[in-house]
Amino acid sequence: MDDVRETMRASPPLAATRPRIAVLGGGPAGLGAAWRLAKEGKAVVELFEAGARVGGNAGSFEMEGVACDYGSHRLHPASDPNILADIKSLLGDDLLSRPRHGRIRLKDAWIHFPLKPVDLATKLPTPFAASLFLDAATAKVRAGKLVPETFGSVLLAGLGRTMCESFYFPYMKKLWGLGPDALASTLAKRRVSGSSLPKLMRKIFASLPGLKSPTTGKFYYPRGGFGRICDSIAGAAMEAGANIRLNARVERILIVNNRVCAVEIIENGQTVRIDADAVWSTLPLTTLVKAVGTAAPQDVRDAAAAIRFRGMILVYLVLETDQYTEFDAHYFPELSIPISRLSEPKNYSGASQPRGATILCAELPSDPGDQYWSMDDAALGRALYEWLGAAGLPQSAKIRRAFTKRLSHAYPVYDRDYERHFSTLDRWIEGVEGLLTFGRQGLFAHDNTHHALAMAYGAVDCVKDGVFDRAKWASHRQEFLTHVVED
Ligand SMILES: Cc1cc2nc3c(=O)[nH]c(=O)nc-3n(C[C@H](O)[C@H](O)[C@H](O)COP(=O)(O)OP(=O)(O)OC[C@H]3O[C@@H](n4cnc5c(N)ncnc54)[C@H](O)[C@@H]3O)c2cc1C
């Protein structure tokens with residue numbers, strides 16, 4: 001093809017032990033890998049990101065002087081200490097330690113979230129609290145009777161009917177668009193850190209004075225938005241010699257004789273071919289298989305067609321007031337309110353500026369083609385304000401405007417068949433020389449940013465003298481299975 005430029009030909013000569021690695025995707029996983037590979041001198045790295053800026057779902061943007069994230073994002077103190085130390089060293093004093101100050105709506109009452117024993121005892125309606133207590137007392141009996149086959153049955157056994165029906169089941173139906181028995185049991189293990197009453201109680205009582213650690217009830221947040229974590233990693237990666245190419249959409253991954261050899265990207269309207277010894281993809285698995293095309297066997301393409309990601313519309317409201325409420329986030333488990341969470345970005349960093357304006361960000365789980373996806377921004381803004389009113393939240397501030405962002409890959413959908421399809425994809429990728437996939441979208445993992453970074457660090461750890469150690473990677477993959485999402 002005439003319009004294909006082979007850019008690596010212009011690259012400086014390579015040391016024999018430094019492979020050329022093309023990293024696909026500039027979210028935390030891709031950036032973390034590019035940085036560590038370059039810093040440790042293990043590869044010549046080029047990263048390709050389709051968007052105009054780095055960060056993926058963990059990025060930020062500025063609107064009306066307010067730093068906004070793509071939905072509520074916090075850096076959790078549960079992060080691996082090495083990763084936390086790296087982020088602290090990159091951001092310095094700009095990484096703030098902030099108190100969590102959210103609320104959840106349970107049985108028409110607003111309760112502090114994360115849950116606190118005093119709130120549970122004093123604010124919940126008495127019959128509801130009594131049912132919760134009864135469920136706790138009978139947990140052992142239930143666990144013996146229920147076969148934990150689905151998300152629904154695991155949580156019913158662990159938490160009992162009251163908590164499941166008033167909170168987890170409607171919330172999960174809203175997030176995934178599927179009922180509790182259509183979802184895989186794995187979801188309960190990976191997505192619900194308090195999936196049994198003893199675990200939940202441990203979490204709740206860990207907030208009591210004397211039992212709490214210095215980080216209980218706290219989170220880390222960068223001044224200027226969550227995306228500054230990725231911005232700072234990108235800066236460090238470039239300083240270490242990695243080349244980061246924005247607005248560079250990966251269209252094809254070329255595999256010859258079962259070995260990956262190049263990628264093709266669209267950049268400035270042109271197709272550009274980049275030769276590579278290895279391709280490390282953090283793209284959605286579905287995108288990866290599409291980019292490989294018929295070089296992937298039919299059963300692999302079928303498996304990719306059978307898995308899916310849940311989308312999300314982020315509805316932002318610009319309000320003409322300094323602060324909407326004092327809370328950082330509100331959680332809405334009930335199905336009658338279609339949003340799952342509302343955050344006020346200024347409250348995450350405790351910013352007092354700008355005066356006279358604040359922004360709300362509502363997370364509306366949705367898929368292309370459903371009733372919300374095609375609604376325009378103004379209509380979604382109006383609907384949001386009505387939902388807030390229905391939940392008893394203030395409606396007095398003047399709305400300056402509403403705007404939206406649409407995430408096509410917010411959550412991997414763990415339906416009851418996903419594991420079978422994922423295994424087919426995983427086995428095939430494992431067998432292609434030079435091809436690696438990781439990150440939230442690449443390993444179809446429910447994860448936090450620190451987990452995506454842990455995957456990146458794990459991958460880099462496997463490179464020695466230009467060779468990727470697959471056995472070591474398999475052992476890191478086992479560690480990744482222990483990742484549990486923090487909300
Ligand atoms: C609503 C929401 C709230 C969250 N809250 C938190 C939180 O509080 N704390 C926390 O730690 N984590 C949170 N997360 C999770 C966090 O966003 C992810 O863990 C993180 O973004 C995963 O990073 P990643 O690099 O694996 O994937 P992504 O961030 O999805 O990055 C993938 C990148 O690949 C790029 N890409 C896709 N296709 C192509 C292509 N063809 N060519 C080139 N580039 C391409 C995308 O543009 C993107 O930049 C939340 C996620 C969501 C959706």
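The values are calculated or read from the model by the stated rules, or taken from the named source; none is laboratory data. For clarity, every value in this text was computed on a predicted model and none was experimentally measured. For neighbour counting, all protein chains shown are included, and Cβ atoms are generated from backbone atoms with ideal geometry for every residue, glycine included.
Conditions tested, residue by residue: (1) within 11 Å of the ligand (Cβ to nearest atom); (2) hydrophobic (A, V, I, L, M, F, W, C); (3) assigned by TED's automatic domain parsing to the domain that holds residue 258.
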site	(1), (2), (3)
382	no, no, no
388	no, yes, no
403	no, yes, no
423	no, no, yes
429	no, yes, yes
437	yes, no, yes
487	yes, no, no
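Residues in segment 440-479 that are near the ligand (Cβ under 9 Å from one of its atoms) and of a type in the set (Val, Ile, Thr): how many?
Narrowing segment 440-479 to residues near the ligand (Cβ under 9 Å from one of its atoms): 440-443, 445-453, 455-456.
Remaining after also requiring of a type in the set (Val, Ile, Thr): 449.
So the count comes out to 1.
Residues of segment 350-371 that are of a type outside the set (D, E, K, R) and surrounded by fewer than 18 Cβ atoms within 10 Å (Cβ to Cβ): 350, 351, 352, 353, 354, 356, 368, 369, 371. Going by what's in this entry, would residue 352 be described as at pLDDT below 95 and farther than 30 Å from residue 424 by Cβ? Considered against the rule, which asks whether it is at pLDDT below 95 and farther than 30 Å from residue 424 by Cβ, residue 352 comes out as yes. Taking only pairs six or more apart or across chains, which ones have beta-carbon atoms under 9 Å, a first residue in segment 28-47 that is assigned by TED's automatic domain parsing to the domain that holds residue 436, and a second residue that is surrounded by fewer than 24 Cβ atoms within 10 Å (Cβ to Cβ) and hydroxyl-bearing (Ser, Thr, Tyr)? Close Cβ pairs satisfying both conditions: 32/457; 33/457; 36/457; 42/17; 44/11; 46/7; 46/11.
Could we say that residue 408 is part of a loop (DSSP other than H, G, I, E, B) and polar (S, T, N, Q) here? Taking the combined requirement at face value, the residue does not satisfy it.
The residue that is nearest to residue 70 (Cα to Cα), among those in segment 318-366 that are assigned to a loop (DSSP other than H, G, I, E, B) and of a type in the set (D, E, K, R), is 344. For segment 407-445: of the residues being over 17 Å from residue 484 (Cα atoms) and of a type in the set (Val, Ile, Thr), which is farthest from the chain's Cα centre (by Cα)? So the residue we want is 432. In segment 230-259, the qualifying residues are those that are within 12 Å of the ligand (Cβ to nearest atom) and buried (at least 18 other Cβ atoms within 10 Å of the Cβ), and the one that is farthest from the chain's Cα centre (by Cα) is 253.
So for segment 391-400 (the condition being touching a strand residue (DSSP E or B) at 6+ places or on another chain (Cβ under 9 Å), modelled with pLDDT of 95 or more, of a type in the set (D, E, K, R) and in a strand (DSSP E or B)), does at least one residue qualify? Yes, segment 391-400 contains a residue that is touching a strand residue (DSSP E or B) at 6+ places or on another chain (Cβ under 9 Å), modelled with pLDDT of 95 or more, of a type in the set (D, E, K, R) and in a strand (DSSP E or B). Quick check: is even one residue across segment 120-129 crowded, with 18+ Cβ neighbours inside 10 Å and not hydrophobic (A, V, I, L, M, F, W, C)? No: zero hits. Filtered by the rule that a residue be near the ligand (Cβ under 10 Å from one of its atoms) and either of a type in the set (D, E, K, R) or over 22 Å from the mean Cα position of the chain (by Cα) (or both), segment 260-316 gives 263, 265, 266, 290, 291, 310.
Table: residues versus (1) in contact with a strand residue (DSSP E or B) (Cβ under 8 Å, 6 or more places away or on another chain); (2) at pLDDT below 75; (3) not in a helix (DSSP H, G or I).
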{"residue": "121", "(1), (2), (3)": "no, yes, no"}
{"residue": "128", "(1), (2), (3)": "yes, no, no"}
{"residue": "131", "(1), (2), (3)": "no, no, no"}
{"residue": "143", "(1), (2), (3)": "no, yes, no"}
{"residue": "154", "(1), (2), (3)": "no, no, no"}
{"residue": "162", "(1), (2), (3)": "no, no, no"}
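Taken over segment 397-419, residues that are under 21 Å from residue 474 (Cα atoms) and either crowded, with 19+ Cβ neighbours inside 10 Å or free of Cβ contacts under 8 Å to residues at least 60 places away in the same chain (or both) amount to 1. One residue alone among 80, 93 is at pLDDT 85 or above, in contact with a helix residue (DSSP H, G or I) (Cβ under 8 Å, 6 or more places away or on another chain), more than 16 Å from residue 331 (Cβ to Cβ) and surrounded by fewer than 16 Cβ atoms within 10 Å (Cβ to Cβ), and that residue is 80.
I'm trying to understand the selection: among the residues of segment 244-299, which are in a loop (DSSP other than H, G, I, E, B) and in contact with a Ser or Thr (Cβ under 9 Å, 6 or more places away or on another chain)? Before you say what the answer is, go through the steps one by one.
So the first thing to find is which residues in segment 244-299 are in a loop (DSSP other than H, G, I, E, B), and the list is 246-248, 257-258, 268-269, 276-277, 282-284, 296-297.
Scanning segment 244-299 gives 282, 283, 284.
For residues that are of a type outside the set (D, E, K, R) and assigned to a strand (DSSP E or B), scanning just segment 56-91, find the one that is nearest to the ligand (Cβ to nearest atom). Spell out the reasoning first.
Here is the first cut: in segment 56-91, the residues of a type outside the set (D, E, K, R) are 56-61, 63, 65-68, 70-73, 75-79, 81-85, 87, 89-91.
Filter once more, keeping what is assigned to a strand (DSSP E or B): 60-61, 63, 66-68, 75.
On the way: 60: 11, 61: 13, 63: 17, 66: 18, 67: 15, 68: 12, 75: 6 Å.
The selected residue is 75.
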